[in-house]
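Some notes on the structure that comes next.
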Amino acid sequence: SQQGEEDPQALSIQEGENATMNCSYKTSINNLQWYRQNSGRGLVHLILIRSNEREKHSGRLRVTLDTSKKSSSLLITASRAADTASYFCAIPFTGANSKLTFGKGITLSVRP
Amino acid sequence: ETGVTQSPTHLIKTRGQQVTLRCSSQSGHNTVSWYQQALGQGPQFIFQYYREEENGRGNFPPRFSGLQFPNYSSELNVNALELDDSALYLCASSLQGAEEQYFGPGTRLTVT
């Protein structure tokens, strides 16, 4: 299965601290994506990193990808209470970029 | 807001009944994917529609079926509802083959 597995399952930090979330997977990939979900609503695309990229930034987000270790990490710097949400890594099915497999997600709580 | 809309927001059905969920894709997007998200889990790919034809299916039984219309909107139909069908149903629109998915807010289905 290409499904990513996120770690930790839950994370609680103080506002202003950094949050690091990890995703491991089993097969080769074309890209890996991170999504956010607030309170059981729709998913919001955060960032996509391709297999030939090692690091990518978007605002307060930094994503790394290590294809040799089959893992990715998402770093949120200077966290805010509004970052409280569930975060998922998503991997496309082989040869099908627009069909995604998701892990179980990480629940991030940012305390004011 | 992604421009993807779903209806209804919430729905309660009885075991054995049938249900139809609706999704309007973002303007210009020709591909719609449906996902099921059980409580505490990540979304699971049900199927995808492109040009009004099913274009890939996950591990879901035939009682899960769909339609796509010429305006690219879509329906998910579930027959003979079971208690385990209780979940958040998400649709996502994209251009065919595109990597990024745009998710709607979801329909919360409860089967009693």
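The values are calculated or read from the model by the stated rules, or taken from the named source; none is laboratory data. Keep in mind that this is a model prediction, so the values were computed, not measured. Glycine gets a Cβ as well: all are built from the backbone with ideal geometry, and neighbour counts include every protein chain shown. Each accessible area value is taken on the protein alone, full model and side chains, heavy atoms only, with ligands, DNA and RNA left out. Shrake-Rupley method; radii C 1.70, N 1.55, O 1.52, S 1.80 Å.
Share of carbon and sulfur in the accessible area of region B:3-65 stands at 46%, probe radius 1.4 Å.
Largest to smallest in accessible area, the residues A:20, B:20 fall in the order A:20, B:20 (1.4 Å probe, all protein chains included).
Of the GluC sites (Glu not before Pro) in region B:1-91, the ones in a loop by DSSP (not H, G, I, E or B) with at most 14 other beta carbons within 10 Å are B:1, B:52, B:82. When the Cα atoms of the protein assembly as shown are aligned to their principal axes, the ranges along those axes come out at 48, 36, 31 Å in descending order.
Partners of residue A:69 within straight-line reach, counting lysines whose Cα lies under 24 Å from its Cα and excluding those fewer than 8 residues away in the same chain: A:26, A:56, A:99, A:104. Picking from A:33, A:16, A:90, whose Cα lies most toward the positive end of the charge dipole for the protein assembly as shown (charges on Cβ: Lys, Arg +1; Asp, Glu -1)? Looking along the dipole axis, the top candidate is A:16. For residue A:47, the residues 5 or more places off, or on other chains, whose built amide H falls under 5 Å of its own are A:34. Amide H contacts of residue B:26 (H built 1.01 Å from N, in plane; Pro and chain starts excluded): B:93 sit under 5 Å, all sequence-distant by 5 or more or on other chains. Divide the volume of the convex hull around the Cα atoms of region B:1-65 by the residue count and you get 121 Å³ per residue.
Solvent-accessible surface of region B:25-105, taken per residue with a 1.4 Å probe and all protein chains present: 42 Å². For the interface of A with B, what's the total buried accessible surface in square angstrom, probe 1.4 angstrom, rounded to the nearest hundred? It comes to approximately 1700 Å² buried between A and B.
Put A:43, B:11 in order of accessible area, highest first, and with a 1.4 Å probe you get B:11, A:43. Positive contributions from Lys and Arg (+1) and negative ones from Asp and Glu (-1), summed over other residues with Cβ under 11 Å from the Cβ of residue B:94, come out at -1. Roughly to the nearest percent, how much of the accessible area of region A:48-112 is carbon and sulfur, given a 1.4 Å probe? That share works out to 49 percent. Given a 1.4 Å probe and the protein chains as shown, residue A:110 ends up with an accessible area of around 10 Å².
Per the Debye calculation on region B:65-112 with a single equal scatterer at every Cα and no solvent contribution, log₁₀ I(q)/I(0) for q = 0.28 Å⁻¹ amounts to -1.14. Figure note: A:80, B:57 ranked by solvent-accessible area, largest first, 1.4 Å probe, ligands and nucleic acids not counted: A:80, B:57.
Using bins of 5 Å that start at zero, the share of Cα-Cα pairs per bin across chain A amounts to 2, 13, 24, 26, 19, 10, 4, 1, 0, in whole %.
Scalar couplings 3J(HN,Hα) for region A:63-68, obtained by applying the Karplus form with A = 6.51, B = -1.76, C = 1.60 to θ = phi - 60°, are 10, 10, 9, 10, 6, 6 Hz; x denotes Gly and Pro.
A simple rule links phi to the HN-Hα coupling: the Karplus curve 6.51 cos²θ - 1.76 cosθ + 1.60 with θ = phi - 60°, which for region A:87-96 gives 10, 10, 9, 9, 10, x, 4, 4, x, 9 Hz, with x for Gly and Pro.
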